[in-house]
């Protein structure tokens, strides 16, 4: 009897450990069963595939529009720099023209010209005008007028000719500044159009993504009615019985 009791008490810890292991296994299984599982992905309907395809196309168009907008914005910035440079060139030409005009205000001594002096003055005018055109201070059209003596008197004193040339440079710089302003305005207009197109495409791309992600909704009672034949509609058999 004493041996049986000793065997019983000796097996109690082992049985307790076994029951604890069983309970722990049951608890783990219950937790695993209670964990939420992701539902299998449902196949996309043709309408959803079309929406996804359209969203991808709009996204690609938006990326291209972004590149175009960035390029036109850079061109506008370049046009602004050209306007600033043209204004500085005009301001410098205007300053030189004013200085030359003030210097020409003093009367020149009238004396008899030496033989060949008129030819020297003409060569001086042509040489100075060609150098100014080479430096892009006057235009080709202005140089042609000088060489053809259209509005230019080659027999004038070099001081007077210098003043006239400085005025021609100022006119050319002013024309360049006005042209730069027109290019800058055109570049700004193109940049604004590209930015507006980009905003519209991005909004359309976001809306297309939302539509593509949304689940396809039934069309209402008429849709359900079309899915059932007359004999298959609930209560139809009872009504005609």
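Just so you know, all these numbers are worked out from the coordinates, no wet-lab data involved. Computed from a prediction, not measured in an experiment: that's the story for all the values here. Virtual Cβ from ideal backbone geometry, glycine too; neighbours counted across all protein chains shown.
Could you put 124, 177 in order, starting from the residue whose Cβ has the fewest other Cβ atoms within 10 Å?
124, 177
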Here, residue 47 and residue 136, labelled 7 Å along Cα→Cβ, have an inter-label distance in nm of 6.2 nm
Per the rule of 0.36 nm per residue minus the C-alpha distance, extending residue 102 to residue 204 adds in nm 30.3 nm
Pseudo-spin-label distance residue 127 to residue 114, built 7 Å along Cα→Cβ, given in nm, is 1.4 nm
In nm, the gap between the two label points placed 7 Å beyond Cα toward Cβ at residue 78 and residue 61 is 2.8 nm
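Just want the ordering: 157, 127, from fewest to most Cβ atoms lying within 10 Å of their own Cβ.
127, 157
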Projected onto their principal axes, the Cα atoms of segment 59-186 stretch, largest extent first, over whole-Å spans of 82, 27, 18
From fewest to most C-beta neighbours within 10 Å, the residues 182, 114 line up as 114, 182
